[in-house]
Amino acid sequence: MDKQLNAVTSMDFDRIERRAAARRRTSQTVIYVLLALWALIVLFPFYWMVLTSLKDQAAYNSEKVPVFFTLNPTLQNYVSAFTDEQVNLGRYFLNTVIFTLATTGLMMLVIIPAAFAFARLEFRGKHLVFTLFLSLMMIPNELVIITNYVTITNWHLRNTFTGLILPSVTSVFYIYLLKENFEQIPDELYKAARVDGTTDLEYLVRVMIPISRPTLITITILKVIECWNAYVWPRLITTKSSHFLVSNGIQQIRVSSFGRDNYPAMMAAVVVISLPLIVLFLVFRNKIMEGVSRGGLKG
């Protein structure tokens, strides 16, 4: 009797396990299908942009119904985007590289000492100053842009790289993120370094920066992306094409006869401008996630 009961119980248990496994497989299949559909929706605009950039202009203009593939891809649109007299894409690209590198480098020189001071140095009113500093994040960005515009205009710095760069050389959020990361480094290291006669600058360069490298890499990448995608401020402060960035350049291309007449070439210009950021994110995506998680946790 006991053997029969055990056999029945074992069969019921196996049946329950199979049903549970089937439910898990079904739910996973549904999740993967939904994720795949969402990925297609997200990636389709980029696919369409690349596809259009590879189509011949005459073939594109002759399409009555959109064609989702091409049997005769061409790179002539990319050549036209860089060589057409109406478009100065190479200049826009160079301006953006200069703006991005200069802004990011200067910002790192500002935020690293600031974060170190708030994290390790003791001075009167530090907590009050940091609280007031954080309160700046509550100011609407529109008000900051207006103030910066009036200041740069009064200093006669419009249509200059100095005027483009100056308002972006600091960031309250990045200082806060880096400060939180610096505070995770044990105080014993700082005290031991001070006993050995190490100056604050030496301790910052030799200890804190190497330990905080993932967060610094994350901040650098995020700032590069921010600078590369900048639109409102460059649009306000530059009126001459000699100082246009790629964001302004694309707008200039779109409204020009070049963009209206040669849509595939305009898409080629957009691909060229978008590709560096895509590659940057794909290469350093793990560093970005690691740096953000390190900056957001205290231990």
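Assorted remarks:
- Given (1) part of a helix (DSSP H, G or I); (2) crowded, with 17+ Cβ neighbours inside 10 Å; (3) touching a residue at least 60 places away in the same chain (Cβ under 8 Å), number of the condition Lys55 does not satisfy: (1)
- Residues (part of a helix (DSSP H, G or I) and crowded, with 16+ Cβ neighbours inside 10 Å) located in the stretch 212-224: Pro214, Thr215, Leu216, Thr218, Ile219, Thr220, Ile221, Leu222, Lys223, Val224
- Candidate set: the stretch 79-112, residues that are in contact with a helix residue (DSSP H, G or I) (Cβ under 7 Å, 6 or more places away or on another chain) and outside any helix (DSSP H, G or I); chosen: the one surrounded by the most Cβ atoms within 10 Å (Cβ to Cβ): Val87
- Taking the criterion of being modelled with pLDDT of 85 or more and surrounded by 17 or more Cβ atoms within 10 Å (Cβ to Cβ), the residues of the stretch 273-299 that qualify are Ile273, Ser274, Pro276.
- Just one of (1) at pLDDT 90 or above; (2) in contact with a Phe, Trp or Tyr (Cβ under 8 Å, 6 or more places away or on another chain); (3) under 30 Å from Lys55 (Cβ atoms) fails for Trp228. It is (2).
- The set of residues in the stretch 208-236 that are among the acidic types (Asp, Glu) and in contact with an Asp or Glu (Cβ under 8 Å, 6 or more places away or on another chain) is empty.
- Per the listing Leu189, Leu204, Leu166, Leu178, the residue uniquely surrounded by 13 or more Cβ atoms within 10 Å (Cβ to Cβ) and either over 23 Å from Val129 (Cα atoms) or in contact with a strand residue (DSSP E or B) (Cβ under 6 Å, 6 or more places away or on another chain) (or both) is Leu189.
- Subset tally (residues that are within 20 Å of Asn181 (Cβ to Cβ) and of a type in the set (Asp, Glu)) for the stretch 97-150: 1
- Consider the stretch 237-266 and keep the residues that are part of a helix (DSSP H, G or I) and in contact with a Phe, Trp or Tyr (Cβ under 6 Å, 6 or more places away or on another chain). The one that is surrounded by the fewest Cβ atoms within 10 Å (Cβ to Cβ) is Ser247.
- Within the stretch 17-37, the presence of a residue that is assigned to a helix (DSSP H, G or I), in contact (Cβ under 8 Å) with a residue 24 or more places away in the chain and of a type in the set (D, E, K, R) is excluded.
The values are calculated or read from the model by the stated rules, or taken from the named source; none is laboratory data. Keep in mind that this is a model prediction, so the values were computed, not measured. Ideal geometry is used to build each Cβ from the backbone, glycine not excepted, and the neighbour counts take in all protein chains shown.
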